[in-house]
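So the structure is just underneath, and the comments pick up after that.
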Amino acid sequence: MITKINHIAIVSPDLDSATGFWAEALGLPVTRIADVPEEAVKVAFLPLGDSNLEILQPTDTESGVARYLEKRGPGIHHICLEVADIDAALARLKAANVPLINEAAKMGHGGTRYAFIHPKGTGGVLVELYEGAGAGLS
Ligand code: CO
């Protein structure tokens, strides 16, 4: 059901300083910076093989990402697993009583779909499921 790691998302209060290490010290290219208003974040995309690093900076103080940063500080925010069929994946998780942040998939850019699994069901890791081609946007 899971095909690959689509992206690993890192949260920072300052996108420029956070991308500095990955882009300058490690030499990973930043191919795109985008505003994602539906998740209240600005995102830098750094492709890495078949996956991406995404660096997130909250653009408000109330969103889930902003509250996470406030509570836990900068660092890895979530891991995104790409699935062939997100509806089937969510149904399977529900049947296994895994707590979901999104009971149904949300629409992303370009017809992509995503949903988050609650960290209390995963051993403390926020996990995103993602269905669709190309880079993630959340
Ligand atoms: Co994501």
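Here are the numbers:
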{"read-out": "Net +/- balance of residues flanking PRO74 in space, Cβ distance below 15 Å, scoring K and R +1, D and E -1", "value": "0"}
{"read-out": "Rounded, prolate or oblate (a/c below 1.5 giving rounded, otherwise prolate when a/b exceeds b/c) for the range 72-138 by Cα gyration tensor", "value": "oblate"}
{"read-out": "Distant-in-sequence amide H partners of ASN52 (H built 1.01 Å from N, under 5 Å)", "value": "HIS7, ILE8"}
{"read-out": "Gain in span if fully extended, SER63 to LYS4, counting 0.36 nm per residue against the direct Cα distance", "value": "18.5 nm"}
{"read-out": "Net length gained if the chain between ALA95 and LYS42 were fully extended (0.36 nm per residue, minus Cα distance)", "value": "15.7 nm"}
{"read-out": "Amide proton proximity set for ILE101, modelled H, under 5 Å, gap of 5+", "value": "PHE116, ILE117, HIS118"}
{"read-out": "Isotropic mean projected area of the C-alpha convex hull, the chain (nm²)", "value": "8.0 nm²"}
{"read-out": "Cα centre as origin, Lys/Arg/Asp/Glu Cβ charges: the range 38-138 dipole, Debye", "value": "340 debye"}
{"read-out": "Sequence-distant residues sharing a close amide H with GLY108 (under 5 Å, placed H)", "value": "ARG113, TYR114"}
{"read-out": "In sequence order, calculated HN-Hα J values of the range 43-50 (Karplus, 6.51, -1.76, 1.60; Hz; x Gly/Pro)", "value": "10, 9, 9, 10, x, 8, x, 8"}
{"read-out": "Neighbour net charge for ASP85 - beta-carbon separation under 12 angstrom, K R +1, D E -1", "value": "-1"}
{"read-out": "Length gained when the stretch ASP87-VAL125 is fully extended (0.36 nm per residue, less Cα-Cα span)", "value": "11.6 nm"}
{"read-out": "Where the Cα pairs of the range 34-83 fall when distances are cut into 5 Å bins, in %", "value": "5, 20, 26, 26, 16, 7, 1"}
{"read-out": "Computed E for ASN102/ILE33 - FRET, C-beta separation, R0 30 angstrom, nearest 0.05", "value": "0.75"}
{"read-out": "Whole-Hz ³J(HN,Hα) from phi, Karplus 6.51 cos²θ - 1.76 cosθ + 1.60, for the range 27-37, glycine and proline x", "value": "x, 7, x, 8, 8, 6, 10, 9, 8, 10, x"}
{"read-out": "For the range 104-112, Karplus couplings with θ = phi - 60° (6.51, -1.76, 1.60), whole Hz, Gly/Pro x", "value": "10, 5, 9, 7, x, 5, x, x, 6"}
{"read-out": "Least to most buried among GLU131, GLU24 (fewest other Cβ within 10 Å first)", "value": "GLU24, GLU131"}
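Only the coordinates and a few stated rules stand behind these numbers; no lab work does. This one's a predicted model, so the numbers in the text were calculated from it and none came from an experiment. Quick reminder, even Gly has a Cβ in these numbers, built from the backbone with ideal geometry, and neighbours come from all protein chains shown.
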